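Student: Can you read through this structure? Questions will come right after.
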Amino acid sequence: MRIIQTIDELRENIAVLDRYLNQKTEPEYSFALRLVQKGVCFVVVKGTSGYQFYPSRFIGYSKNTMKAHENNDGKDGKETNPAISKLLGSKPEPDSELEKAYRTYCEQLGFIAYEKGTFGVERKYWRI
């Protein structure tokens, strides 16, 4: 799959995850929950009801969907993170405020956040 190259492509993928989470239609809903639960690096958007978290490994591929993501055997944050960093003008960083907000977001989605991201890695964030 092609890596995103524009902010619009990033926003399109954010909208896809929002749709999956808001419509709560299976299997897309469970898929989106797993992405949030297992993510390591997140683009963070502050909305009217608080922060929302979007995993880079999903939103970093152009025109991504559940089906495309599941069929992408080469998906890797080592590809998506540099592309997102370039678009946003910064690298993802650990952030204690956002970590707390992430845990709250997970609880709102109905699960308890893991202590660390996948592979025991500290979660990192970009704010937009």
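Every read-out reported here was derived from the displayed coordinates using simple, explicitly stated rules and does not represent laboratory data. Note that the coordinates shown come from a computational prediction; the quantities given were computed from them, not determined experimentally. Cβ coordinates were reconstructed from backbone atoms using ideal geometry, including for glycine residues, and neighbour counts include every protein chain displayed.
Student: Filter the range 48-69 down to the residues that are touching a residue at least 24 places away in the same chain (Cβ under 8 Å) and out of contact with any strand residue (DSSP E or B) (no Cβ under 9 Å at 6 or more places or on another chain), then identify the one that is nearest to Lys100 (Cα to Cα).
Tutor: Across the range 48-69, the extreme among qualifying residues is Gly50.
Student: Return only the number of the condition from (1) under 14 Å from Ile128 (Cα atoms); (2) touching a Ser or Thr at 6+ places or on another chain (Cβ under 7 Å); (3) hydrophobic (A, V, I, L, M, F, W, C) that Ile7 does not satisfy.
Tutor: The number of the failed condition is (2).
Student: Another question about this same structure. Check Asp18 against each of (1) in a loop (DSSP other than H, G, I, E, B); (2) in contact (Cβ under 8 Å) with a residue 12 or more places away in the chain; (3) over 24 Å from Val121 (Cβ atoms) and name the one condition it does not meet.
Tutor: (1)
Student: Oh, and also: In the range 95-121, how many are touching a helix residue (DSSP H, G or I) at 6+ places or on another chain (Cβ under 8 Å) and surrounded by 11 or more Cβ atoms within 10 Å (Cβ to Cβ)? Show your work before the answer.
Tutor: Just the residues of the range 95-121 that are touching a helix residue (DSSP H, G or I) at 6+ places or on another chain (Cβ under 8 Å), to begin with: 105-106, 109-114, 117-118.
Add one more test, that the residue is surrounded by 11 or more Cβ atoms within 10 Å (Cβ to Cβ), and what stays is 105-106, 109, 111, 113-114, 117-118.
So the count comes out to 8.
Student: Among the residues of the range 48-67, is any among the aromatic types (Phe, Trp, Tyr) and more than 22 Å from Tyr114 (Cα to Cα)?
Tutor: At the first step, the residues of the range 48-67 found to be among the aromatic types (Phe, Trp, Tyr) are 51, 53-54, 58, 61.
If we keep only those that are more than 22 Å from Tyr114 (Cα to Cα) too, we end up with 61.
Within the range 48-67, one or more residues are among the aromatic types (Phe, Trp, Tyr) and more than 22 Å from Tyr114 (Cα to Cα).
Student: Out of everything in the range 29-55 that is small (Gly, Ala, Ser) and out of contact with any Gly (no Cβ under 9 Å at 6 or more places or on another chain), what residue ends up being surrounded by the most Cβ atoms within 10 Å (Cβ to Cβ)?
Tutor: We begin by selecting, within the range 29-55, every residue small (Gly, Ala, Ser); these are 30, 32, 39, 47, 49-50.
Then keep just the ones that are out of contact with any Gly (no Cβ under 9 Å at 6 or more places or on another chain); that gives 30, 32, 47, 49-50.
Numbers: Ser30: 13, Ala32: 24, Gly47: 8, Ser49: 8, Gly50: 10.
Within the range 29-55, the match that is surrounded by the most Cβ atoms within 10 Å (Cβ to Cβ) is Ala32.
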